[in-house]
Amino acid sequence: MNTLNRQEMQGLAFEPQQPEIEQLDLVRYWRAIARNKWRILALVVLVGLIATLYAYSLKPVYRATATLLVEGSRPHRGAATPSVDDLFIAYTGTTRDYYLTQFEIIKSREFAERLVRVMGLAKHPEYAPGQARASWAGALLPGAGKGAAAAADASDDERFGGIVAAVMARTTLQPVRNTQLVRLSFDSGDPELAARVPNTLATIYIVADLESRMETARRTTQFLARQSEDLKAKLIDSERALQQYREREKIVEVKGVNLAGASRQLEELSSSLVDARRKRADLEAAYEQVNAARQGKSSDALETLPYLLRHPLVQRAKETESEAERRLADASKRYGPDHPRMVAAQSEAKTAHENLLRQVNTAAQGIAKDYELARANESAIERALARAKGDIQSHNRKEFELQSLERDVAANRQLYDTFMQRSKENRTGDMNTAIGRIIDEARPPKGPFGPNRQLIVGLSLLAALLAGVSLALLIERLNNRVKASHEVESKLGVRAVGVLPLTQPEDGVPLERMFGESNQNAFSEAIRTIRSSVLLSGLQSPRKLVLLTSSIPDEGKTTLASNLGFAFAQVKKTLLVEADMRRPKLARILGQERNRPGLAELVAQGVPLGECVYQVQESGLHVLQAGRVPLNPLELISSPGMELALERLKEEFEVIVIDSPPVQLVSDAVMLSQLVTSVLFVVRADSTPYPIARHALSRLQRADAPVLGVVLNQIDLEKADNYYGEYSGYGNRYYRKYGYYGKDRAAA
């Protein structure tokens, strides 16, 4: 017979759920805000009242503004030396940083201290300790007068520093865009003081700049005077050293003339050396050929050497020999060997040949002499070239040293002239040019500038609203309890089999027997839904062994087990087994004896089944209580007798509902999950943290327990409808007439 195995059952229970879309999170946050709307509203009203009292208790503040023109950073007429700002602008070509620097100078603490001293603000009622009047809201607050008393007890330096800090905090500087104008503003409770402070601060800035430049000019004059004397002495020393060098080296020629002649001579010698080396190389080659021919090292005769054949005497002797041989050839054709003409021709040819040999020898001897002469000429030119190079290098060294001395003289003279010119400019310069001037003086304002009471109240209300909403969202975010069925699937990753509403039991009817006594209500309908889920979990399985457990105690698993047993008893022969031997409660609920034989006696002692199982009156439900609690219930449950007892019970009953201990405390439920066909995991709504429930389900999953799903118990339908909006049809419409959900919690 085909039945669902443990892996298939576990796969159905732990089927991965689709991730929630962002809209559901937004709805959740909106419901969290709606859930705390009255708290948020109370916080906003309270903060609004406090802000209103505070805003209308503040003193009026007056603001006066003066307009100041800041001159551009350029060297003033007759200035001794350019300032750092002048040099910066000269190199960068921008004045933006200059004006930003001037604005920071105006807002500096030094000017604020001068302002306090010049105007005597330490004696002004607004800053004098003990003279300022406290606001009525400040008087209502505890410790409102401690600040004034502390200021009165402070030392003079501390009071002065506090006044300076207050003046700096109330002073505002606003540059006018694309202009050299800047607006100086001051806030004060006294309109006359608000007008005097900007005017005085602008005057202090202008006067301080004049004083600074005059002091700089005085120091510059003293510095230039000292440096001019030192530079004059250096100039005299450098000129004396230059003249002594010229006299020692006897340098009298015009600069550059001697060097030009030496350069031309060097070029001519270099060219002559190239020609001499070429000529020597040619003669050396001819000389070697002649020596080789004479010593027999070469197969060529002297008269056949190309260089000798080009000699003029050899060429003329060669021509004479050729003419004599031609005449000898003509005579041999006409005359006999003894003919006088023939003899004369032979003698002439012989003489011509001997003359050719003499000329060749003479030319060969001339080649040796020419070669020696070429070598001597080359050596002489090389020596002359070396002397010329040495003369030029010596001249260059002298000229380099001369130029160095001349540069020293020129530099000292230029530096001395510059310092003398700057010294004259500094003495004759105009130091009375102001860095700025007041365009519009500040005048006492006609009305207060602040505070903006409406803005203070509005911002306070907005901040309170945001704080309340943030706190509500934070509480919702930190709440890790399972509150609805969609959180069962999203946070635990397990299917929600059913939801049991929070039900107030009727008089005399315990909640564990609600289904058996009155089954026309929302609670009973939820039990039927769970029963249907169990029956449909394995249609081909004739026997159902359903184990009920939870993560921690008091989650309502016993209540669910009892009512689910009554529900199954209406359709099938059902047995309710109490396997929670540490906290047995069925005897008290059903009104039976606690010492009656039960599961412990059936497994351990082999007591007959008829003595252990009994039927509840006026119902078809059979019950097997825990019996006498053993010393170690886990050993009893994990014993082979437990498996045999369940096999016997399966033969007698179609459905067996087993109530077991929590998973987090003991391992009884994990062991029993190996013997049943399905496991229902009970979670108490808005009570059990989901990490604990998820850990317990993980233990069952690791043991391959056939978890069918989770039953969410004791959920308040009215609260869930208002908070989550997913039980409106479940509670408010169909079962409102029964009135079985409310605020009271039932016992587990």
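List of remarks:
- The set of residues in region 440-476 being buried (at least 16 other Cβ atoms within 10 Å of the Cβ), more than 30 Å from Leu69 (Cα to Cα) and not hydrophobic (A, V, I, L, M, F, W, C) consists of Ser460, Gly468, Glu476.
- Residue in region 323-334 that is open to solvent by less than 90 Å² (accessible area, probe 1.4 Å), under 18 Å from Ala286 (Cα atoms) and either at pLDDT below 70 or small (Gly, Ala, Ser) (or both) present: no
- Yes/no for Ala364 being over 56 Å from the mean Cα position of the chain (by Cα), modelled with pLDDT under 75 and of a type in the set (Gly, Ala, Ser): yes
- Qualifying residue in region 383-403 (condition: at pLDDT 70 or above and over 30 Å from Gln265 (Cα atoms)): no
- Spans of helices (runs of 4 or more DSSP H) in region 1-120 with at least 2 residues over 30 Å from Val546 (Cα atoms), modelled with pLDDT under 90 and in contact with a strand residue (DSSP E or B) (Cβ under 8 Å, 6 or more places away or on another chain): 96-106
- Condition broken by Asn426, with the remaining ones in (1) of a type in the set (S, T, N, Q); (2) modelled with pLDDT under 85; (3) open to solvent by 20 Å² or more (accessible area, probe 1.4 Å) satisfied: (3)
- Taking residues in region 211-234 that are under 17 Å from Gln421 (Cα atoms), and partners anywhere that are among the β-branched types (Val, Ile, Thr), the pairs with Cβ atoms closer than 8 Å and at least 6 places apart or on different chains are Thr220/Thr81.
- Where a residue in region 623-636 is among the basic types (Lys, Arg) and its partner, wherever it lies, is buried (at least 16 other Cβ atoms within 10 Å of the Cβ), with Cβ under 6 Å and at least six apart: Arg628/Ala600
- Some residue of region 494-508 being in a helix (DSSP H, G or I), aliphatic (A, V, I, L, M) and modelled with pLDDT of 85 or more: no
- Lone qualifier among Arg218, Arg213, Arg196 - being in a helix (DSSP H, G or I) and within 17 Å of Arg114 (Cα to Cα): Arg196
- Qualifying residue in region 290-306 (condition: open to solvent by less than 40 Å² (accessible area, probe 1.4 Å), in a helix (DSSP H, G or I) and at pLDDT 70 or above): yes
- Total residues in region 171-193, condition in a helix (DSSP H, G or I) and buried (at least 17 other Cβ atoms within 10 Å of the Cβ): 2
- For region 207-222, a tally of residues being acidic (Asp, Glu) and surrounded by fewer than 17 Cβ atoms within 10 Å (Cβ to Cβ) returns 2.
- Pairing each residue of region 476-498 that is under 9 Å from Gly709 (Cβ atoms) with any residue that is of a type in the set (Phe, Trp, Tyr) and at pLDDT 75 or above, provided the two are 6+ apart or on different chains, yields C-beta distances under 9 Å for Val488/Tyr690; Val494/Phe681; Val497/Phe681.
- Index of the failed condition, Glu654 passing every other in (1) closer than 20 Å to Gly493 by Cα; (2) of a type in the set (Asp, Glu); (3) in contact with a Pro (Cβ under 9 Å, 6 or more places away or on another chain): (1)
- Considering residues of region 612-645 that are of a type in the set (Ser, Thr, Tyr) and modelled with pLDDT of 85 or more only, the residue most open to solvent (accessible area, probe 1.4 Å): Ser638
- Scanning region 543-589 for residues that are within 15 Å of Gln714 (Cα to Cα) and part of a strand (DSSP E or B) turns up just one, Ser550.
- Qualifying position, being touching a strand residue (DSSP E or B) at 6+ places or on another chain (Cβ under 8 Å), open to solvent by less than 10 Å² (accessible area, probe 1.4 Å), at pLDDT 90 or above and not in a helix (DSSP H, G or I), among Leu680, Leu712: Leu680
- Filtered by the rule that a residue be in contact with an Asp or Glu (Cβ under 8 Å, 6 or more places away or on another chain) and not hydroxyl-bearing (Ser, Thr, Tyr), region 675-691 gives Leu675, Val682, Val683, Arg684, Ala685, Asp686.
- Number of the condition not met by Ala526 [criteria: (1) touching a strand residue (DSSP E or B) at 6+ places or on another chain (Cβ under 6 Å); (2) at pLDDT 80 or above; (3) open to solvent by 20 Å² or more (accessible area, probe 1.4 Å)]: (3)
- Among the residues making up region 351-372, those that are open to solvent by 60 Å² or more (accessible area, probe 1.4 Å) and either of a type in the set (A, V, I, L, M, F, W, C) or within 10 Å of Glu321 (Cβ to Cβ) (or both) are Thr351, His353, Glu354, Leu357.
- Flag if Lys255 is outside any helix (DSSP H, G or I) and either modelled with pLDDT under 75 or open to solvent by less than 80 Å² (accessible area, probe 1.4 Å) (or both): yes
- Any hit, region 583-591, residues being open to solvent by less than 40 Å² (accessible area, probe 1.4 Å), touching a residue at least 40 places away in the same chain (Cβ under 8 Å) and touching a Leu at 6+ places or on another chain (Cβ under 6 Å): no
- Residues in region 28-65 that are of a type outside the set (S, T, N, Q), in contact with a Pro (Cβ under 8 Å, 6 or more places away or on another chain) and surrounded by 14 or more Cβ atoms within 10 Å (Cβ to Cβ): Ala55, Leu58, Val61, Tyr62, Arg63, Ala64.
The values are calculated or read from the model by the stated rules, or taken from the named source; none is laboratory data. Note that the coordinates shown come from a computational prediction; the quantities given were computed from them, not determined experimentally. Neighbour counts run over all protein chains shown; Cβ positions are idealised from the backbone, glycine included. Surface areas here come from the heavy atoms of the whole protein model, side chains and all, with no ligands, DNA or RNA. Shrake-Rupley method; radii C 1.70, N 1.55, O 1.52, S 1.80 Å.
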